[in-house]
Every structure is written in structure tokens, then in C-alpha cells.
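A short write-up of the structure that comes next.
The values are calculated or read from the model by the stated rules, or taken from the named source; none is laboratory data. Bear in mind the structure is a predicted one, so any value in this text is a computation, not a measurement. Because the Cβ atoms are built from the backbone with ideal geometry, glycine has one as well, and the counts that use them run over all protein chains shown. Keep in mind that these areas ignore ligands, DNA and RNA; they rest on the heavy atoms of the full protein, side chains included. Shrake-Rupley method; radii C 1.70, N 1.55, O 1.52, S 1.80 Å.
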Amino acid sequence: MKLLNTVVATAATLMVASSAFAADLVQTQAYAHPTMFGSSVLSQQGEGYYLVGDKKLKAGNLLSVQGKTNVIIESTAQDILAVLKANAKGVFNANTPVLRSEMAVALVEGLGIPYSTPKYQYKDMSKSHWAYKWIQEALGANVMIGYKEDQTFRPDQKITKAEVFATLAQLMDAPVNEGAIPQFKGYEMQEIPNWATRPTKEVINSGILDAVPHADKVASEKYLTTEQVAYLVSALSMNQYYNAKYIASGCELGTVKVKLSERVDARHDNIGDTFYAVTQEDTTVSGTSFAAGSKVKGEVVEVSRPGVGNPGYIKVKFDSIQDGSTKVDFPVNVAKASVTTEKTTNVVARFFAAPFSAAGRVGAVAGRSAAAAAMETSNDYERLADNYSNIFANTLSLQPVAGLRSFGKSFLTVGYYVYDIAKLAVSGTFGVLYEFGDEVRYLILPSSTKDSSLNPGDELTVVFNK
């Protein structure tokens, strides 16, 4: 365990933020086995972190493609959190109540608010504050306002759930029902004063809360976390009731319907793999018109292999669209997509592909298990040698008790080694059998993995900011 902690700590120091949007984001590729006993195997290759046996890697609350639960689109919410991590430094914690400054960042980054001069200047706002430029942009667009009674903005003050709902409601034209506040996912919405009843109804009825993690806490707590607000704003930017005209030079939403030209799935793809799709209708991106049949390029940015108790997932992003020599990058990460037509890889293609996939996956599990055993052997050999070194060093230094303790540790080292090797043997064997069985299941029942894959012929409707 010490080795794993050391490797993780060392790897963490190597992370370099290449841009504000990518800062502190870690590309992760997880392999399914050996996982049976949580084997501690980790290595770093290139920009991605490749893990084996990490059961924490699940799709969770990431924004998935509608109709494909475990195909994840790189989301605006993650971009917002990346900007906060890169700039707020020690102030930032995604799981604590959102601050007014963090709310301003989420609104500006998530909604693409352009700069305009604020109507008011607040005496507690200094250019030295890490969120100064975002707060000025939020004030200039009138999506936030300070406290006129004392001319302060209070950037480091927590903002209540009711205030968040009121801020977002002004940017929507969602229906509002008469009567009490409707339940949210079966929970009674608490901590809502009378003045915030209407905006709370509007937020609930718009559906943007559905993308927010921890529904029970959303309903019961007085404050939302920064993470929850990031997902709220991300969902708002793509919501049918979002009134972008409220913001000067507001963000226009565009859609493009694409058909996948190749398979992309959690079982076979790797970080950095590119894929292509073809547009099914005319569209406009960044002011440039593209005819039906244009090529859309995407990239795999995160993978979690399917395994026992983990359906696996794949996270992708759409990079660019091209028609002949005309090529344009999508201006911001796509944050919403839905499957309109779903295809299944045909039986002939599966039959010829399966032997190669099975050989690769079974061989990889066997190889990783052997490599893990070699690592355990090397580490415990070094540890055992250190134990014996300490036995003689302590004893001959006239510290017999310490020498005896080192002698006892040598037996523990051997015991742990035998235990770890046994775990790897069982887990590796189980992994080989599981991977082989999984390939047979895919060959016979391809629908078993449809939620973590995109197949040739799948048609998606992708929503993006123009």
C-alpha cells in the first residue's frame, strides 16, 4: 500500500496544466482486472493515468448521452470545475458550499458571457482577487448583483440555494405551476423562503436539477456545493427554457445530427483514439456553414473497462467539423447529445472481430497479473533484504530487542508476500475466465454492452454553443 501511495503522490506532482480548461483534469484509463481483491497496480503512460483494480471509476454523475448511459460527453460542468481548480488554488473545494465568486465563474464560463462594463463598482472588489475578471463579467451582464446598502459584492460569502435558484430563474422562461413547490425526485424541497418559491418552481420544472448529483442533499441542504452549481449551469446552457437573449450578445445553441462511421466502446478503445462521424443535415458552427456529409472528428478522453460490478464507461469529445478544405473546431466542449437511432454490430463483424479481441484481453489480463506478481516479488525481496540488514545492524549495535523486532518483520514480509501472490493468482485466473466469457457474451448478445458503446450507424443529435 505504501508503494501505491508513493506512486500516486509522485505521479500527482507530474501533472502540468496545459490550459485553463484542462488544468488539474486527469485522463484516466482503467482496466478491469485483476480487480477481485483490489490489486494495487498503477502506471503512468503519456498524459493519461492507467489503473488496474480501481473500483471507484464509474460514470457516476457525469453527463451521459441520452440513450447511452455509460457513454459520456466531455461536459461544460467539468470545464467549469477545471477553471476553478486552476485559479482558486487553495480556496477551492468542489464539495463545500458554493461561494459568490465561484458562482460568478460558473455563470461566465458555463454560459459564455461576453464582457461588458458593470453598472456598479463595489468597494470590496480588488483586481488582486482571483475571481475579479469573472465577477466583473457577471456584473456587466446583470446575471449577478452586489449589496447596494453597503456597496459590497462579498465574493467569499456563501450563496444560499434559494439565491442560486433565483439567479438561474431569471435566465429561464420555464413554466410555473400554482400551489406548493413540487417534489424533486421524491424529496421535499427545504430551506426555501417565500420570496424564492417561484424561482425554485421554475428551476425544478425546467429539469436542469436532474443533472445535479446527490438529489437528497439538493433538497435538504441550505447550500449547494460548487460541483452541484457547475452541473446546474451546464444543464441550463443546454436547456430548452434557457433564454440566452437575456445576456448581451447571448450564446446561440446549435445542433448537428451525425452518424457514427466506426465503433467506439469501453471494451476496446483507449485514451487518445480518434473517431469520425458524418453529418446528416446542413449545420452552422462558429458562423461557418457545413453541408450534410461533412466529417466530424472526435476523441476518446477517458476509459473505464467493464468488469465485475462495474459496467464501464467511455468519455468522448467532439473536436472539429470539416467539409473539404473548410475546417472549424467546436468553440466549446459539447455538453449534450442524444441517440436518435441505435445500431448493433452485425453478427459477421462480431464473429471475425471476437478472436482478436479475446486474445488481446485474455493475454493482457494474464500479462498484467504476471507483471503485478513480478512487482510484488521485487518489492518484497527488497523489503526482506532490508529486514535482514536491520537484524544484523541492530543486534551488532547492541540493540537485541530491535534486532528481534526486525527478525519478526521478516516473517510478516514473507507472509504478506504469499498472501499477495495468492490474491493475484486467484484474481488473474478469475480475470482470464471473465474476459473470455465476456467476449462470448458480446458475440451472442451484443446488446449487453450497448450502454457503454457507440456503433457504426448510430445516429446522434449533438447540441453545442455556436
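You will find that of ALA335, ALA374, ALA353, the residue that is surrounded by fewer than 13 Cβ atoms within 10 Å (Cβ to Cβ) and modelled with pLDDT under 90 is ALA374 and no other. Can you say whether LYS327 is without any contact (Cβ under 8 Å) to a residue 12 or more places away in the chain and over 20 Å from THR345 (Cα atoms), as far as the supplied structure shows? Judged against the criteria, LYS327 is a match.
Can you give me the number of residues within region 269-324 that are in a loop (DSSP other than H, G, I, E, B) and free of Cβ contacts under 8 Å to residues at least 40 places away in the same chain? Before the answer, list the steps.
First, the residues of region 269-324 that are in a loop (DSSP other than H, G, I, E, B): 269-273, 280-282, 286-287, 291-294, 305-306, 308-309, 311-312, 324.
Applying the additional criterion that residues be free of Cβ contacts under 8 Å to residues at least 40 places away in the same chain yields 273, 281-282, 291-294, 324.
Residues that pass the stated criteria total 8.
Considered as a group, the residues in region 168-196 that are aliphatic (A, V, I, L, M) and without any contact (Cβ under 8 Å) to a residue 40 or more places away in the chain include one that is surrounded by the fewest Cβ atoms within 10 Å (Cβ to Cβ), and that residue is ALA180.
Scan region 407-427 and tell me whether some residue there is open to solvent by less than 60 Å² (accessible area, probe 1.4 Å) and under 29 Å from the mean Cα position of the chain (by Cα). Quick ask: steps written out before the conclusion?
Start the filter on region 407-427 by keeping residues that are open to solvent by less than 60 Å² (accessible area, probe 1.4 Å), which leaves 408, 410, 413, 415, 420-425, 427.
Still in the list and also under 29 Å from the mean Cα position of the chain (by Cα): 427.
The answer is yes; a qualifying residue exists.
Selection of region 377-392 for residues being acidic (Asp, Glu) and surrounded by fewer than 12 Cβ atoms within 10 Å (Cβ to Cβ) yields only GLU382. Can you tell me which residue is surrounded by the most Cβ atoms within 10 Å (Cβ to Cβ) among those in region 222-250 that are at pLDDT 90 or above and part of a loop (DSSP other than H, G, I, E, B)? Restricting to residues being at pLDDT 90 or above and part of a loop (DSSP other than H, G, I, E, B), the top hit is LEU224. Kindly evaluate VAL463 against the criterion of being of a type in the set (A, V, I, L, M), under 30 Å from SER261 (Cβ atoms), open to solvent by less than 30 Å² (accessible area, probe 1.4 Å) and outside any loop (DSSP other than H, G, I, E, B). For VAL463, the condition - of a type in the set (A, V, I, L, M), under 30 Å from SER261 (Cβ atoms), open to solvent by less than 30 Å² (accessible area, probe 1.4 Å) and outside any loop (DSSP other than H, G, I, E, B) - is met. Could you go through region 393-402 and let me know if any residue there is over 31 Å from the mean Cα position of the chain (by Cα), modelled with pLDDT of 90 or more and crowded, with 18+ Cβ neighbours inside 10 Å. For region 393-402, residues over 31 Å from the mean Cα position of the chain (by Cα), modelled with pLDDT of 90 or more and crowded, with 18+ Cβ neighbours inside 10 Å: present. The single condition from (1) at pLDDT 85 or above; (2) of a type outside the set (Asp, Glu); (3) in a loop (DSSP other than H, G, I, E, B) that LYS201 fails is (3).
For (1) under 30 Å from THR76 (Cα atoms); (2) assigned to a helix (DSSP H, G or I), each residue gets a yes or a no:
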residue	(1), (2)
GLY408	no, yes
LEU412	no, yes
ASP420	no, yes
LEU424	no, yes
SER427	no, yes
LEU433	no, yes
GLU439	no, yes
THR449	yes, yes
PRO456	yes, no
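Would you confirm, using the coordinates I've provided, whether ALA364 is within 27 Å of THR429 (Cα to Cα) and out of contact with any helix residue (DSSP H, G or I) (no Cβ under 6 Å at 6 or more places or on another chain)? Yes; evaluated as a whole, the condition is true for this residue. Taken over region 88-111, the criterion of being under 19 Å from the mean Cα position of the chain (by Cα), open to solvent by 10 Å² or more (accessible area, probe 1.4 Å) and not hydroxyl-bearing (Ser, Thr, Tyr) is satisfied by PHE92, ASN93, ALA94, ASN95, GLU109. The residues on offer are PRO114, PRO155, and the sole one that is over 20 Å from GLU221 (Cβ atoms), in contact with a Lys or Arg (Cβ under 7 Å, 6 or more places away or on another chain), open to solvent by less than 50 Å² (accessible area, probe 1.4 Å) and not basic (Lys, Arg) is PRO155. If the condition is being touching a residue at least 40 places away in the same chain (Cβ under 8 Å) and open to solvent by less than 10 Å² (accessible area, probe 1.4 Å), then region 126-140 contributes only ALA131. Residues that are touching a Pro at 6+ places or on another chain (Cβ under 8 Å) and part of a loop (DSSP other than H, G, I, E, B) were ranked within region 131-158; the one that is modelled with the lowest pLDDT is ALA141. Which residue is farthest from the chain's Cα centre (by Cα), if the candidates are limited to region 206-220 and must be outside any helix (DSSP H, G or I) and farther than 18 Å from ALA166 by Cα? Among residues in region 206-220 that are outside any helix (DSSP H, G or I) and farther than 18 Å from ALA166 by Cα, the one farthest from the chain's Cα centre (by Cα) is HIS214. Sub-7 Å Cβ pairs linking a first residue in region 405-419 that is free of Cβ contacts under 8 Å to residues at least 12 places away in the same chain to a second residue that is part of a helix (DSSP H, G or I) and surrounded by 14 or more Cβ atoms within 10 Å (Cβ to Cβ), at least 6 apart or interchain, number zero.
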